[in-house]
Amino acid sequence: MISEPPPSECFVYIALPGATDLVTAARFELTADRNGIPLGRLVYGRSYLARADAVPFDPVELTLAPRVYETTAMQGVFGALRDAGPDSWGRRVIERHVGKTSRTELEYLLHSPDDRAGALAFGLPPRPPAPRRKFNQTILLAKLQAIADAIVADKELPTDPDVTQAEELLLVGTSMGGARPKAVVEDADGLWIAKFNRPDDAWNHARVEHAMLTLARASGVAAAESKISSVGGRDVLLVKRFDREKAAAGYRRARMVSALALLRAEDSPQSRERWSYVLLVEELRRVSAEPREDAAELFRRMCFNALISNTDDHPRNHALIAKARDWTLAPAYDLTPTPLVSLERRDLAMICGDRGRYANGKNLLSQSARFLLPNEEASDIVEAMRNRVRGTWHDVARAAGVSQKDSERIAAAFAYPGFDL
Ligand SMILES: Nc1ncnc2c1ncn2[C@@H]1O[C@H](COP(=O)(O)OP(=O)(O)OP(=O)(O)O)[C@@H](O)[C@H]1O
Ligand SMILES: [Mg+2]
């Protein structure tokens, strides 16, 4: 049998602001240039451009215009599209599903299920499919956890005589980004990202992340809503999706782009120069409908990450969303403390001041003007947040159900001595 070559183009669909169904918006082609470098091309459809309610895919790159956009960056996949595609966890699920042979970036986009972040979707037919009406209910969490465990361990999936392996995978299959095992589930309140603990975790991540989101809110940071669900003795973190809103006919979707896309940066080490809160706040001030509020919010978030040693604060862990036309900073998510050994110097993933990535109060203050904060106000924020984190993290963690043992395991993460040097 001759296998078909992988597709080299697809349609891009979008749920317009307020709508629950998809419309066709653009064509995306992924080929290679003369040197074999992946080349992406995107053209908005004429009928899409003619709509009064058309919106661009992102606030920086793909503006609404009758032209051919081209990129050779990021494997030829424009940032806004890549943000809607799977990351390492979603790719792993897809590979279990369709086989491990190397997949093109376009195949990953096409194979990912329709629960992806943001308002975009992809497909081969010129007309979009009907939106998915049914989601896994939280009742299924125990089963989803078992499937996730099997995928993590690269083991056979738990067998159920009534369903095929493919159907099992579709259950957990999520194109939400990130590396941790996760699935999307629904309850009466709406859609949640279920983040599962892994058997090899050094502490109960679900409880600890829930505690960090709670501590963030108590520290003045706008963080995603979360709760814990315990199934079969295992804790699962549920984070409310801020890019979906329940409506009578289904779910309204917000557009979403990561800071990685906004910074036009990549995951590669060479691109790390652009991994920067200081650059991000400049971009944010240009595209946000609330530049002053969002700049201050980003400053608080950066301080919070430094105070809990969240050194995994890479640019995919920050995003902008647009529920209607305007873009604003999305709530904070994926907040994890890292109890590092060094007491003097810890580095965030993004540059945060004159002294680079150094998670240090003075360094954070060194560029506060770019966050539109007068010196005194910025110092007050740092001071108040430091006291809050240092004074309350333990109580907040215990109240969130983090065990005393786990609290001891993560203790070194909070307000480490180097922050005050
Ligand atoms: N509450 C939310 N609403 C909508 N989208 C979200 C939400 N939380 C996270 N996301 C999206 O899902 C992705 C994965 O989530 P998250 O970062 O929490 O997972 P992770 O596996 O811990 O990531 P990492 O690999 O960075 O450790 C994010 O990059 C973001 O695009
Ligand atoms: Mg993440």
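Structure notes:
- Strands (runs of 3 or more DSSP E) lying entirely in region 1-55 (those with 3 or more residues that are among the small types (Gly, Ala, Ser)): 23-32
- Any hit, region 282-291, residues being under 30 Å from residue 189 (Cα atoms) and of a type in the set (S, T, N, Q): yes
- From the list 116, 103, 132, the lone residue that is of a type in the set (Lys, Arg) and closer than 16 Å to residue 12 by Cβ is 116.
- A single member of 211, 223 is within 16 Å of ligand 1 (Cβ to nearest atom), modelled with pLDDT of 95 or more, within 25 Å of residue 82 (Cβ to Cβ) and in contact with a helix residue (DSSP H, G or I) (Cβ under 6 Å, 6 or more places away or on another chain), and it is 223.
- Of the criteria (1) within 13 Å of residue 222 (Cβ to Cβ); (2) surrounded by fewer than 24 Cβ atoms within 10 Å (Cβ to Cβ); (3) under 18 Å from the mean Cα position of the chain (by Cα), which one residue 317 fails: (1)
- Where a residue in region 194-218 is small (Gly, Ala, Ser) and its partner, wherever it lies, is in a loop (DSSP other than H, G, I, E, B), with Cβ under 6 Å and at least six apart: 206/197; 211/400; 211/402; 216/335
- Checked against the criterion of being without any contact (Cβ under 8 Å) to a residue 40 or more places away in the chain, assigned to a helix (DSSP H, G or I) and farther than 30 Å from residue 57 by Cα, region 345-365 has at least one qualifying residue.
- Summed over region 338-364, residues that are surrounded by fewer than 20 Cβ atoms within 10 Å (Cβ to Cβ), within 16 Å of ligand 1 (Cβ to nearest atom) and among the aliphatic types (A, V, I, L, M) total 1.
- Summed over region 310-328, residues that are within 16 Å of ligand 2 (Cβ to nearest atom) and in contact with a Lys or Arg (Cβ under 9 Å, 6 or more places away or on another chain) total 6.
A quick yes/no check of all residues on (1) at pLDDT below 90; (2) out of contact with any Gly (no Cβ under 7 Å at 6 or more places or on another chain); (3) surrounded by 20 or more Cβ atoms within 10 Å (Cβ to Cβ):
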| position | (1), (2), (3) |
| --- | --- |
| 112 | yes, no, yes |
| 123 | no, yes, no |
| 132 | yes, yes, no |
| 142 | yes, no, no |
| 147 | yes, yes, yes |
| 158 | yes, yes, no |
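- Exclusive hit being crowded, with 16+ Cβ neighbours inside 10 Å, under 20 Å from the mean Cα position of the chain (by Cα) and among the hydroxyl-bearing types (Ser, Thr, Tyr), set 44, 108, 69, 48: 108
- From the options 329, 335, 298, 263, residue that is of a type outside the set (Ser, Thr, Tyr), touching a His at 6+ places or on another chain (Cβ under 9 Å) and within 15 Å of ligand 1 (Cβ to nearest atom): 329
Residue by residue, here is whether (1) small (Gly, Ala, Ser); (2) farther than 15 Å from residue 260 by Cβ holds:
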| position | (1), (2) |
| --- | --- |
| 25 | yes, yes |
| 35 | no, yes |
| 40 | yes, yes |
| 44 | no, yes |
| 59 | no, no |
| 67 | no, yes |
| 72 | no, yes |
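- Some residue of region 269-279 being within 20 Å of the chain's Cα centre (by Cα), more than 16 Å from ligand 2 (Cβ to nearest atom) and at positive phi: no
- Meets criteria (within 16 Å of ligand 2 (Cβ to nearest atom), outside any loop (DSSP other than H, G, I, E, B) and modelled with pLDDT under 95) for residue 184: yes
- Verdict on residue 98 being touching a strand residue (DSSP E or B) at 6+ places or on another chain (Cβ under 9 Å) and away from ligand 2 (no atom under 16 Å from the Cβ): no
- Qualifying position, being more than 22 Å from residue 250 (Cα to Cα), of a type outside the set (Phe, Trp, Tyr), in a loop (DSSP other than H, G, I, E, B) and within 16 Å of ligand 1 (Cβ to nearest atom), among 117, 148, 80, 179: 179
The values are calculated or read from the model by the stated rules, or taken from the named source; none is laboratory data. Bear in mind the structure is a predicted one, so any value in this text is a computation, not a measurement. All Cβ positions, glycine included, derive from the backbone under ideal geometry; neighbour counts span all protein chains shown.
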